[in-house]
1. Can we say residue A:491 is on the phi > 0 side of the Ramachandran plot and out of contact with any Gly (no Cβ under 8 Å at 6 or more places or on another chain)?
2. Here is a list of conditions, (1) at pLDDT below 95; (2) farther than 30 Å from residue A:468 by Cα, and residue A:336 meets all of them except one; can you say which number that is?
3. On the given criteria, is residue B:304 more than 30 Å from residue B:520 (Cβ to Cβ), in contact with a Ser or Thr (Cβ under 6 Å, 6 or more places away or on another chain) and modelled with pLDDT of 95 or more?
4. Pairs needed: first member in region B:145-168, closer than 16 Å to residue B:206 by Cβ; second member anywhere, of a type in the set (Lys, Arg); C-beta distance under 6 Å; at least 6 residues apart or different chains.
5. Surrounded by fewer than 20 Cβ atoms within 10 Å (Cβ to Cβ), at pLDDT below 95, within 30 Å of residue B:25 (Cα to Cα) and not β-branched (Val, Ile, Thr): which single residue out of B:312, B:324 fits that description?
6. Does region B:146-153 contain any residue that is closer than 30 Å to residue B:56 by Cβ, surrounded by fewer than 23 Cβ atoms within 10 Å (Cβ to Cβ) and basic (Lys, Arg)?
7. Sort out which residues of region A:475-496 are crowded, with 24+ Cβ neighbours inside 10 Å, touching a helix residue (DSSP H, G or I) at 6+ places or on another chain (Cβ under 7 Å), within 26 Å of residue A:426 (Cα to Cα) and not polar (S, T, N, Q), and write them in order of number.
8. Out of all the residues in region B:79-121, which are more than 23 Å from the chain's Cα centre (by Cα) and either surrounded by 23 or more Cβ atoms within 10 Å (Cβ to Cβ) or aromatic (Phe, Trp, Tyr) (or both)?
Protein chains: 2
Amino acid sequence: MTDRRKSFYAWGYEGEGASDAEVKAFEAIVARRFGLGSFDVTPPPTPADIALRAPRVTVPASLATIVSTDHRDRLEHSYGKNWYDVARMFLRAVPSPPDAIAFPRDEADVVRVLGWCDEIGATVIPYGGGSSVVSGIEPPADAARVVTLDLRHLDRVLDVDRVSHAARIQAGVYGPALEAQLKPSGFTLRHYMQAYECSSLGGWIATRSGGHFVTLYTHIDDVVQSLRVVTPAGTLETRRLPGSGAGPAPDRLFIGSEGILGIITEAWVRIRPKPVFRTATSVRFKDYYTGADAVRDITQSGLYPANCRLLEASEASPTAAIDEPGAVLVLAFESADHPLDAWMKRALEICEHHGGTWDRTALGAADPQRQGAAGEWRDKFIRMPYFIEHLAARGVMATTVESAITWDRFKDFHAKVIDTGRRVMREVTGRDGSFTCRFTHLYPDGPAPYFSLQLPLDKPVMLRQYMEIKHALLDALVANGGTVTHHHAVGRVHRPYYDRERPELFAAALRAAKKALDPRGLLNPGVLIDP
Amino acid sequence: MTDRRKSFYAWGYEGEGASDAEVKAFEAIVARRFGLGSFDVTPPPTPADIALRAPRVTVPASLATIVSTDHRDRLEHSYGKNWYDVARMFLRAVPSPPDAIAFPRDEADVVRVLGWCDEIGATVIPYGGGSSVVSGIEPPADAARVVTLDLRHLDRVLDVDRVSHAARIQAGVYGPALEAQLKPSGFTLRHYMQAYECSSLGGWIATRSGGHFVTLYTHIDDVVQSLRVVTPAGTLETRRLPGSGAGPAPDRLFIGSEGILGIITEAWVRIRPKPVFRTATSVRFKDYYTGADAVRDITQSGLYPANCRLLEASEASPTAAIDEPGAVLVLAFESADHPLDAWMKRALEICEHHGGTWDRTALGAADPQRQGAAGEWRDKFIRMPYFIEHLAARGVMATTVESAITWDRFKDFHAKVIDTGRRVMREVTGRDGSFTCRFTHLYPDGPAPYFSLQLPLDKPVMLRQYMEIKHALLDALVANGGTVTHHHAVGRVHRPYYDRERPELFAAALRAAKKALDPRGLLNPGVLIDP
């Protein structure tokens, strides 16, 4: 990361986004998809374009080396990376930036910064990679003063236990640096997601992020062995155990706590040897529900594929029409221990039973995930965040909502959410957009459907239109029995729906637990619960 | 259960224990094992043998049909089923019985009983099957009045969702009645353990019980989809979801809460089709550590055996000598979907790599788990609880302690615990007992070792001797980095060690959560945390 600088207003690193040629090609696809002629393109903001209110804190000399009130630093930490965040940057609208950014070098610095914030009554926003899409790291407008605590320098793998397949890792490390440090040992965490490049281990844990594996080890929750957490009431460390039955699991209180209970500074996580056996293919189904039936049978079979992502055909390729029929299943098994022929054979029998078809010549190819429709989709998926800014510049909304639902309710749920999406896009803008579904993770008792939306908005009112559409969709998820988020956290955007989803008495218990650990309510107020 | 009555002083149902011939044979084995001649046998208690203090509550007329102050009912609910509990019954020592037992017929009754207890300031002890071995359902001596809330009549499977593989089940149902009700649907929960016959779904959830599967779905935690819980502050229900990332998992606060936060009345749990494919065998290793190395490789392979229990040879057969060398691995795969040849073949390759040997003719036999050394051990295991009373009557201690530890520390941990066990038995009694290890559950990052102890005590001081030995062992588990319990819960017996194991700030958070849900501290005081 040494010489790279993150964009202050959009995804990723400066100079690593889409090339002019890529943007042009992408623009043409979007124009064709929505039948548009040309676009009104807002130029990207520069730091000088955006005035910020003066910092409302005075950094004491003792913290001067690790706390910044630099204009660009404050800008960079003002928003997450959702389309709405980037769009506000293009509108040069940043009314509530943090007053200062702390960059602790170690856990003792974290304690010192918390102490200072407690002293001056500053709200503290724990910050990993800043990839939140739910305003989880956005300073609340009504806070008197705000210090964002950016953990990027706690970026080391401290210990690798080759016998137990576990590693002790500092929470601020981003995905690529984490894997680079594990690599010499032959191990990998294998927790990949779209935000992998600019998100951190601590952020994954605090938000219950979903990773590479579609079955079994779906959330980071499943690989946390123990945690270190700095709270305003003190520092705690859970015991390093493969399993336990001693009371409610302590780690589970902090996993998903989104910075309201404490700052995760370190974790022991379960790692695995790099896979050496792999088999993958793409299976076509006549429609999404037929594909879903096959996927359900695979998920309930005990075969545990590493990948089993079912995409609507219109999402499987960036050049597909918005209503292209059919579904594509990206199916893969991987292992560091044994060949997977028996596993794939049985999974394909299940697919065949549901009328699935696949290219029998491509099976077992060297790197089949990167070939065909699946490969095309994968490349698009990894680079997608870099295109958000070009959509925002053109007033084209792009967002996702994701959920989980039991299989018995899935078809009804899917139909209602899709219907809501199509209806609300038309109601709000008078236009049709694309609104597609894929499964990101799977459980024997149900899938995690992930809906992607693209739609040209009317630029002068695009923020309002975005919010109307987004909230109609979030409402549809929760009203139809799903969760408001399978792996994107709650933050501030999902709060009203989270409040409907979780039992009120659980919120009461969580509020009480927060009071015990953060008596003055410094940490991330408004996220998950009200003070 | 209709015509069967549970023993008030020992394990199981009246008239279903060991026959006189079985007891005689068992006695001979124990005598030979410890080089004893004859035993002083205390006769089992009758209810009339034990005087109880008068009930300190007056049952209101409105609750008369569901609240009992019957002498035998109170006796039956005074202790759990550990050797220590049964031994106290043989000593006719029951100084702190509950004052009344409530038998609610439905959730509304649970609410009414809680309301009454709140009114009269009675301590409430939630009670499932009463199989606690950690004094989890024992009235605290200092409580002013105690009402035990026995959920046995909440015993129905309410709904089976064949599509999502899930069932809605009342919490008071015992294992056999649960499976009997699921059977017509072709599904099973497959959550078996030694206490299966007299323990309940709600008890399993409240205590994080460990079940049938040695890998993957080890604890009941893994199959809970949602919960209904009655707390003094109101009733809550978590949303039925296959997965979620919305805040800290609400279910996880109640799973393992051991009755201190509320009464679990219902749960949706994940069920599975009855397995139709099975393959099993027993593998011999030259010593326990060699077997453990093989087991570690299997556990880290991604093969996920249903059974993979490694026993010391001296434990594998009831007729074995206390110091019989070697280890026996009971290895099994099962599936409702596919043949398991590839799975077993690879697991046996791993065993062979570590010098394991097995009977190649027995492989794949119809019901191989019930054959050979493994079968012998299994039969003993299932019937073992019925023998506790005969040991207690003879002053022979039998107990277990169980833990979990990462693989890198396992051998050292095992050696130290075994050493402590052997040393403390001799120190306390001047005699050698048997002290053996097996693995009950396995994780890629470590095993759950389970230690079984048998030792003749000196009857007049047997309770004190028992406690000295037990506490030395519990101390050894926690002092050497393990958990005080992998699946037997904390209750009151494990409390001092649990207090050392879990972070104090987690206890503070849990205490605050309890205060929010149980403001007057009615529920199970002294379990997990102090008021």
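The values are calculated or read from the model by the stated rules, or taken from the named source; none is laboratory data. No experiment lies behind these values; they were computed from the predicted model shown. Methodologically, a virtual Cβ is constructed for each residue, glycine included, from the backbone with ideal geometry; neighbour enumeration extends over all protein chains shown.
1. For residue A:491, the condition - on the phi > 0 side of the Ramachandran plot and out of contact with any Gly (no Cβ under 8 Å at 6 or more places or on another chain) - is not met.
2. For residue A:336, the failing item is (1).
3. yes
4. none
5. Going through B:312, B:324 in turn, just one is surrounded by fewer than 20 Cβ atoms within 10 Å (Cβ to Cβ), at pLDDT below 95, within 30 Å of residue B:25 (Cα to Cα) and not β-branched (Val, Ile, Thr): B:324.
6. yes
7. Result: A:477, A:482, A:484, A:494.
8. Result: B:99, B:100, B:102, B:104, B:110, B:113, B:114, B:116, B:117.
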